Amino acid sequence: MESIKTELLNARNPDEAAAAVPRAAALLREGKLVAFPTETVYGLGANATNPIAVARIFAAKGRPTFDPLIVHIADRSELPRVLSSSALSDPRVSALADAFWPGPLTIVAPASTAIPELVRAGLPSVGVRLPAHETARALIRAAGNPIAAPSANLFGQLSPTSAAHVAEQLSGRIDAIVAAEPSKVGVESTVVSLLPGEPARLLRPGGVPRELVERALAPFGPLLGPAAPSPSDAALPAPGMTASHYAPRARVRIIDPASPDLRNLSRVALLAPDDATLARLDQLAAGLTVVARAALSEQLDPVRAASQLFELLHQLDEALRVDGDAHDTILTTPYPEPGLGAAIADRLRRASAER
Ligand code: TXA
Ligand code: MG
């Protein structure tokens, strides 16, 4: 891919944002690619109603298949631009939007005809989300269109929770980066599908705990897991649903501290759910070369852990790198699954999957 100049647009305070947002919005209106902060992770945005602009997202990320993208809106009043009229009258859509927007929840529902096929990967439904991030919302408003945005990382690599992560992976491939503070939630949105005549399904655990989604949807029925893929779906893996998504360059191994598998390890970095488990990992790794160590939070705290997860994986990956090359293994333990813990456990499992 030909290298392009990536503008860095600082938006770390209201004055900077006041200058950065109109510039970034102008680029989006021209069909260009702009990375921007959200409360979950940084997104790589393009005008969702412009198929050429959307196609450039796939090229910049190196996504091997055209997977469906999440469309971002700034205000509930923009929902009719994204969803079909039948979706708008589904009471489950309103229940979830009332309960969790603005916030880290994506609703998958039948799409309006204004949303190009490429955004939906040919599906009749589209994912839509109203982020809880003022700069993101100001940018979407100023751009004047819904914004399609996957996480702003190269395909299969770690999701970015800071502008520095985005620059590392996408400088020279995108037109601008709006640089604000690190993302507070730290894991991607929870994705729930609400298809006509079907029960609600949790497609991806994320920033809104499953238990809360279940409660909001209780009047309408149960929340099921993802449908088992049929053989004909094989050509259309949902992004973030492929086993090895969210991978650092180093290998990741999840061990059971009670019966740890430490075979074929020499250099390791340790990542634990809390300080107590980190101390246990230290003991287990006594015979190995430990180059770095971190706990996701001091005491078990899934909210804090989620906000640290990708940043710490980036740091440990860097610590393991020698002469530009990644070596050996990030060693971790299973993250406890209630609440937001399910999203953390999911990302760690994917990071550890064979590539
Ligand atoms: O927090 C987030 O959701 C971030 C920020 C930037 O908003 N975005 C993000 O996008 O994570 P991406 O492209 O990395 O993940 C898209 C997710 C996938 O899990 C995909 O399966 C689901 O959204 N998705 C989107 N549209 C869908 C559709 N029509 N049907 C089924 N799943 C869909
Ligand atoms: Mg992603």
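A 1.4 Å probe, protein heavy atoms only, puts the accessible area of Ser259 near 80 Å².
Close amide-amide hydrogen proximity is noted between Val252 and Ile330, each under 5 Å apart and 5 or more residues distant or on a separate chain (H modeled in the peptide plane; Pro and chain starts excluded). In this Cβ point-charge picture (+1 for Lys and Arg, -1 for Asp and Glu), the chain has a dipole of about 560 debye about its Cα centre.
How much of the pair distance distribution for the stretch 155-214 lies past 19 Å, counting alpha-carbon pairs only, in percent? Percent of Cα pairs beyond 19 Å in the stretch 155-214: 49. When peptides 52-62, 85-95, 280-290 are ranked by their average number of other Cβ atoms within 10 Å per residue, the highest-first order is 52-62, 85-95, 280-290.
A 1.4 Å probe run over the protein chains yields, for the chain, 41 Å² of accessible area per residue, whole-number rounding.
Could you work out the equivalent-ellipsoid semi-axes for the stretch 7-224, taking the square root of 5 times each eigenvalue of the Cα gyration tensor, largest first, in whole Å? Please report the intermediate quantities before stating the final value.
Numbers: eigenvalues 146, 63, 52 Å².
Semi-axis lengths for the stretch 7-224 are 27, 18, 16 Å.
When the chain is treated as a GNM with alpha-carbon contacts under 10 Å, the residue of Asp75, Asp274, Asp256 showing the greatest mean-square fluctuation is Asp256. Along the axis of the charge dipole computed for the chain (Cβ charges of +1 for Lys and Arg, -1 for Asp and Glu, origin at the Cα centre), the listed residues Leu69, Pro14, Ala121 are led at the positive end by Ala121. Restricting to the stretch 7-224, what percent of DSSP beta bridges are antiparallel, rounded to 5? Taking every DSSP beta bridge with both residues in the stretch 7-224, the antiparallel ones total about 50 percent. Per-residue Karplus couplings for the stretch 123-138, computed as 6.51 cos²θ - 1.76 cosθ + 1.60 with θ equal to phi - 60°, are listed in order as 6, x, 10, 9, x, 9, 8, 10, x, 9, 8, 4, 5, 4, 5, 4 Hz, Gly and Pro entered as x. Per-residue packing, averaged as other Cβ atoms within 10 Å, sorts the ranges 202-213, 185-196 into the order 185-196, 202-213, beginning with the highest.
Cα-based values for the stretch 292-355, radius of gyration first and Dmax second, are 12.3, 40 Å. Projecting the Cα atoms of Gln157, Asn47, Ile140 onto the dipole axis of the chain, where Lys and Arg carry +1 and Asp and Glu carry -1 at the beta carbon, places Asn47 farthest toward the positive end. Of the accessible area of the chain, computed with a 1.4 Å probe over protein heavy atoms only, carbon and sulfur atoms account for 55 percent.
Could you order Asp98, Asp15, Asp346 so the one with the most accessible surface comes first? Probe is 1.4 Å.
Values: Asp98 105, Asp15 130, Asp346 15 Å².
I get Asp15, Asp98, Asp346, largest accessible area first.
Amide H contacts for Leu83 (H built 1.01 Å from N in the peptide plane; partners 5 or more residues away or on another chain; cut-off under 5 Å): Ser112.
Quick check on the chain: helices-only [θ] at 222 nm, where DSSP H runs of length 4 and up contribute -39,500 (n - 2.57) each and the sum goes over total residues. Nearest 500, please. Don't skip to the end; give the middle numbers.
Values: 11 runs with 112 residues, N = 355.
Result for the chain: -9500 deg cm²/dmol, rounded to the nearest 500.
Under 18 Å of direct C-alpha separation, and excluding same-chain neighbours fewer than eight residues apart, Lys5 reaches these lysines: Lys32, Lys61.
At q = 0.19, 0.25 Å⁻¹ the log10 of I(q)/I(0) for the stretch 251-352 amounts to -0.88, -1.49, computed by Debye summation with a single uniform scatterer per C-alpha, solvent ignored. Averaging over all projection directions, the Cα-based convex hull of the stretch 73-184 occupies 7.6 nm² in the image plane.
The values are calculated or read from the model by the stated rules, or taken from the named source; none is laboratory data. These numbers come from a predicted model, not from an experiment. Neighbour counts are summed over all protein chains in view; Cβ atoms, including those assigned to glycine, are modelled from backbone coordinates with ideal geometry. Heads up: the accessible areas ignore ligands, DNA and RNA and are worked out on the full protein's heavy atoms, side chains in. Shrake-Rupley method; radii C 1.70, N 1.55, O 1.52, S 1.80 Å.
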